[in-house]
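To start, the structure under review is shown below, and the notes come after it.
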Amino acid sequence: MSISIRSFALGPLETNAYLVKNETNGESIVIDPGMQPKALLDAVKGEKVAAILLTHTHFDHIGGLNELRSLTKAPVYVHPLEMAWLTDPRLNGSARFGLSEEIVCEPAEHELADGQTLELAGMSFQVLHTPGHSPGSCSFVIGKHCFGGDVLFAGSIGRTDLPGGDFETLMISIQDKLFELADDTIVYPGHGPRTTVETEKMTNPFVTGLLR
């Protein structure tokens with residue numbers, strides 16, 4: 001099986017949305033459809049999108065969800081701790097950050113669980129529950145590719161000062177989940193450039209002290 005990965009920096013926070021395509025059967029999944037999603041929507045027109053995966057439900061990661069859902073009719077997957085965030089602007093943050101319009105989405109069709117394997121579009125994704133940035137943050141691993149949302153960035157980590165965030169929990173998620181992946185695993189974050197597990201182990205000033 002051959003896969004391709006396209007990224008789209010969407011909205012005022014340049015939130016990374018990812019289009020992961022199985023080149024063998026032509027089907028795709030989308031991860032984190034952010035705000036102002038025109039570039040992403042143009043890319044999936046005429047494509048078979050089998051699912052929409054949410055690493056978490058802060059407003060900048062779900063701002064384009066309604067439009068993408070309407071276009072593709074794809075089911076949505078989210079951790080149960082953030083199911084209610086889709087429908088509540090106070091929880092997803094869109095009511096607090098002065099947006100011109102609060103973000104309200106329908107509940108997701110499917111709940112995610114730590115350690116489960118999702119078989120979607122002919123691809124297998126391992127689900128890792130990686131809280132700390134938010135209670136229901138999840139990372140999705142396919143082969144040597146990890147889509148980690150706002151848990152770990154190139155040279156930085158996710159913020160923990162938002163409701164439901166916790167610094168110690170985030171450190172545990174990075175240490176016990178992401179740093180257990182192979183060193184050459186590519187990490188695709190919610191913002192900024194991609195990196196690798198090894199690079200962050202060796203150079204990330206926030207996490208180098210975590211190594212056992």
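The values are calculated or read from the model by the stated rules, or taken from the named source; none is laboratory data. This one's a predicted model, so the numbers in the text were calculated from it and none came from an experiment. All Cβ positions, even for glycine, are placed from backbone atoms using ideal geometry, and neighbour counts span all protein chains on display. Quick note on the areas: whole protein, heavy atoms, side chains included, nothing else; ligands and nucleic acids left out. Shrake-Rupley method; radii C 1.70, N 1.55, O 1.52, S 1.80 Å.
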Exercise. Please give the number of the condition residue 70 fails out of (1) open to solvent by 10 Å² or more (accessible area, probe 1.4 Å); (2) among the hydroxyl-bearing types (Ser, Thr, Tyr); (3) outside any helix (DSSP H, G or I).
Key: (3)
Self-check item: Tally of residues being in a strand (DSSP E or B), more than 22 Å from residue 80 (Cβ to Cβ) and among the aromatic types (Phe, Trp, Tyr) across the stretch 142-176
Solution: 1
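Table: residues versus (1) over 18 Å from the mean Cα position of the chain (by Cα); (2) closer than 21 Å to residue 194 by Cα.
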position	(1), (2)
9	no, yes
19	no, yes
38	yes, no
64	no, no
85	no, no
Quiz item: Just for the stretch 142-182: of the residues that are of a type in the set (Asp, Glu) and closer than 17 Å to residue 116 by Cα, which one is least open to solvent (accessible area, probe 1.4 Å)?
Solution: 176
Quiz item: In the stretch 107-141, how many residues are in a loop (DSSP other than H, G, I, E, B) and touching a helix residue (DSSP H, G or I) at 6+ places or on another chain (Cβ under 7 Å)?
Solution: 9
Quiz item: If you check residue 79 against the conditions, is it touching a strand residue (DSSP E or B) at 6+ places or on another chain (Cβ under 8 Å), open to solvent by less than 40 Å² (accessible area, probe 1.4 Å) and in contact (Cβ under 8 Å) with a residue 60 or more places away in the chain?
Solution: no
